[in-house]
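I have placed the structure first, in the form of C-alpha cells, so that the comments after it can refer back to it.
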Amino acid sequence: MKPLINLCILVTIISLTLLYSFYQKQHLSYLETPTKEYILERLPSFNAVDVFKNEKISTELLQSKKYPGLVVHFWGTWCAPCEAELPTFIAFAAKLKHKGVKFILLAVNDKVAKIKKFFTKHKITIPNNVMIALDNSTKSMPIFGTAKVPETYLFDSNLNLVKKYTGPQEWIKPSYMNEFVSHL
C-alpha cells in the first residue's frame, strides 16, 4: 500500500510542476522577441546624463542633431557578457566615427563609480561619438522593450528602428560594419 501512496504523490508532484511551468510560460510570453516585426518602430522618448561629460541626453536633443545613424546599447558593469563584449563594441563605434554615427551606451542598474572604474580597469578610451549614460531607475528598459542586457538598437537618420541585436555580438566581424554602413 505504501508504494502506491508514494507513486500517487510522485505523479501529483510531477503534474503540478508541469502545470506550473505551462502557466509561467504563458505568463512570461510577452518577453519573447517577435520574429518578423519589432514592437518598437522609432526612438522612444528618454532622458539620461553622460557619466563622463555630465551632458544631458534626450530624444529631443538627438532629433535636433540629425545623425546619419544612432545606436543605443544597453549594458551593465555587473553583466559578464557585457564586460566581454564592450571593448570590441567601443572599437566598432570608433570605426564608425568618421561616418557620423552616434553611440549611446546606457548602463542600467549601475553606479557612476563602477562605470568609471570599469573603463579605467579595461583601459578603454571613449571615442567622441560615444556617450556613456546611466539609467539607475531602469525606466528606459521597458520603454525600449528591453528585457535583458546586452541589447543594441540601430536607428536611421530619422530615428526609425532599423535593427535590434539581442545578446552579446561579435562586433569585430566585418558583416556588422557592412550592415551598419548599408543602413546609413
Per-region count, the range 121-144, residues crowded, with 18+ Cβ neighbours inside 10 Å and either within 23 Å of A80 (Cβ to Cβ) or free of Cβ contacts under 8 Å to residues at least 12 places away in the same chain (or both): 9
Unique match (being modelled with pLDDT under 95, buried (at least 16 other Cβ atoms within 10 Å of the Cβ) and under 18 Å from the mean Cα position of the chain (by Cα)) among F103, F118: F118
Residue ranges of helices (runs of 4 or more DSSP H) in the range 79-184 with at least 2 members more than 16 Å from L40 (Cβ to Cβ): 80-95, 112-121, 174-182
Output for the range 35-78, where each listed residue is more than 22 Å from V181 (Cα to Cα), in contact with a Gly (Cβ under 8 Å, 6 or more places away or on another chain) and buried (at least 16 other Cβ atoms within 10 Å of the Cβ): none
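Residue-by-condition table, conditions (1) on the phi > 0 side of the Ramachandran plot; (2) assigned by TED's automatic domain parsing to the domain that holds K53; (3) over 18 Å from the mean Cα position of the chain (by Cα):
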site	(1), (2), (3)
K123	yes, yes, yes
V130	no, yes, no
G145	yes, yes, no
L154	no, yes, no
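The values are calculated or read from the model by the stated rules, or taken from the named source; none is laboratory data. Every value quoted in this text rests on a predicted model; they were computed, and no experiment measured them. Heads up, the Cβs are rebuilt from the backbone with ideal geometry, glycines too, and the neighbour counts pull from every protein chain shown.
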